[in-house]
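Working notes, structure below.
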Amino acid sequence: MRISIFGGSHPQPGDIAYENALQLGKMLAERGHTILTGGYIGTMEAVSRGAVESGGHVIGVTCDEIESWRSVGPNAWVTEEKRERTLIDRLSTLIQECDLAIALPGGVGTLAEIAITWNQIILNVIKTPIVILIGPEWRKVMESLLNTLGIYIPDKIREYIIYSNTITNTIRLVDEFSSEMRKKVNNEGGHEHL
């Protein structure tokens with residue numbers, strides 16, 4: 001599968017968040033998945049590094065607006081760069097070109113990626129059926145949202161968000177999802193990424 005990984009740009013090598021992202025990239029690549037990231041530093045770098053060091057392929061989706069704002073280029077582990085002009089185009093590529101989306105802890109940008117992916121799933125305009133949120137932080141954020149504005153969020157669309165507290169559990173969820181998708185492909189025929 002093609003799996004988009006969202007997460008913060010602040011983690012550095014040696015940080016727990018960086019090491020978790022490194023492990024996630026490694027384990028996904030070992031299973032043959034292609035990784036899509038925002039292509040830059042922090043979580044994006046760690047996931048890319050883990051994947052490439054395990055023989056995987058990483059697509060880094062970069063954009064002019066970010067590089068105008070912050071002097072940064074694609075990380076050393078991006079094996080294929082997809083260049084977009086705007087942040088919105090970059091988000092659209094990350095969301096529309098994946099079979100599954102996973103979010104590690106992050107800030108405003110990660111929250112935007114989760115929200116837009118979730119909304120695209122609700123509208124049934126992308127094939128990605130769920131977003132896996134890793135870490136207790138995202139559960140707290142979502143619980144706050146649901147407790148405060150839950151009247152606007154029916155139970156049916158809450159099912160598109162899956163929570164996982166560990167990388168190991170996330171990999172188990174990905175394996176289950178991958179197995180289900182393979183069965184669906186075999187029953188219905190053809191899929192460009194699987």
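FYI, it's all coordinate maths here, none of it is from the lab. Everything numeric here is computed off the predicted structure, so don't read it as measured data. Cβ: placed from backbone, ideal geometry, glycine included. Neighbour counts: every protein chain shown.
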Expressed in angstrom and rounded, the centroid-to-centroid distance over alpha carbons for the stretch 61-121 and the stretch 157-178 is 20
Would you please give the FRET efficiency between Arg158 and Ser71, computed as 1/(1 + (r/R0)^6) with r the Cβ-Cβ distance and R0 = 41 Å, to the nearest 0.05? 0.55
Once you've got the GNM for the chain with C-alpha springs shorter than 10 Å, pick whichever of Val52, Val174, Val108 has the biggest mean-square fluctuation. Val108
Report the full-extension gain for the segment Lys183 to Arg31: residue separation times 0.36 nm, less the Cα-Cα distance, to one decimal in nm. 53.0 nm
Once normalised by the length of the stretch 2-174, the mean sequence separation of its alpha carbon contacts under 8 Å that are 6 or more apart gives a contact order in percent of 21
Quick shape check on the stretch 2-174: root eigenvalues a ≥ b ≥ c of the Cα gyration tensor, a/c under 1.5 is rounded, otherwise prolate if a/b tops b/c, else oblate, and it reads prolate
Pairs Lys82/Lys183; Lys127/Lys156; Lys82/Lys127: which exceed 24 Å Cα-Cα? Lys82/Lys183
